[in-house]
Amino acid sequence: MQEIRVRIPRDRVGVLIGKRGSVKAAIEDMAGVKINVSSVSGEVYVKFTEPPSDLLLPTKLKSVIQAIGRGFNPEIAFELLKDDYMLEVIDIRRFVGDRKNALKRMRGRLIGEKGKARSHIEERTNTHISVYGHTVSIIGRAYNMVAAKEAVISLLKGSMHSTAYRTMEKKMSEIARKSAIDESLHGETE
């Protein structure tokens with residue numbers, strides 16, 4: 001029997017379990033698994049009752065649980081069960097070290113005044129972003145993820161917001177151009 005083990009922050013255990021166990025039960029029903037959660041350690045154990053028909057399901061479930069642990073609400077985290085969605089977790093400490101003031105300042109830059117920076121990146125790239133603890137996490141389709149990650153890393157490296165947005169827009173144009181070229185090539189061969 002296959003088993004997945006994931007550790008999430010203890011203050012996110014309640015969100016994973018949900019009101020009266022609703023989130024945990026939804027995951028168990030959707031995936032045909034049994035989940036045990038330790039509220040003391042934050043350890044989450046997922047056991048498959050039978051081999052999954054989708055070979056990627058264990059990886060997808062691990063991502064769903066990690067996403068909930070990184071601050072996403074369960075409805076957004078469930079998007080990771082779709083084949084073309086992925087989770088990217090970036091450790092802010094790689095850019096600013098462990099200093100609490102530097103982490104706080106960087107979280108503020110990523111979120112922006114009244115959440116404007118995060119919202120702008122999310123809306124333009126059609127992704128979801130969570131800034132939680134010492135991480136910034138992104139959920140989205142692979143091709144949208146690239147542009148969102150470019151903007152986030154640009155901000156983490158100290159770029160002005162306008163520069164980060166230009167970098168993001170440039171990457172989005174590049175991806176759209178490549179996609180159009182791929183479509184025209186595939187259209188000609190069919």
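Since every read-out is calculated from the coordinates, none of them should be taken as a lab result. Because the structure is predicted, anything quoted here is derived from the model rather than measured. Note: ideal-geometry Cβ built from the backbone for every residue, glycine included; neighbour counts use all protein chains shown.
Site pair residue 39 and residue 175 shows an inter-label distance of 4.0 nm when each label is modelled 7 Å from Cα along Cα→Cβ. Label positions at residue 162 and residue 30, each projected 7 Å from the Cα along the C-beta direction, are separated by 4.2 nm.
Rounded to the nearest Hz, the phi-derived 3J(HN,Hα) couplings of the range 57-67 under the Karplus curve 6.51 cos²θ - 1.76 cosθ + 1.60 (θ = phi - 60°) are 4, x, 5, 4, 4, 4, 5, 4, 5, 4, 4, where x marks glycine and proline.
Applying the criteria of a DSSP loop state and at most 12 other Cβ atoms within 10 Å to the trypsin sites (Lys or Arg not before Pro) of the range 121-190 yields 157. A Cβ-based charge dipole, computed about the Cα centre of the chain with Lys and Arg at +1 and Asp and Glu at -1, lands at about 1380 debye.
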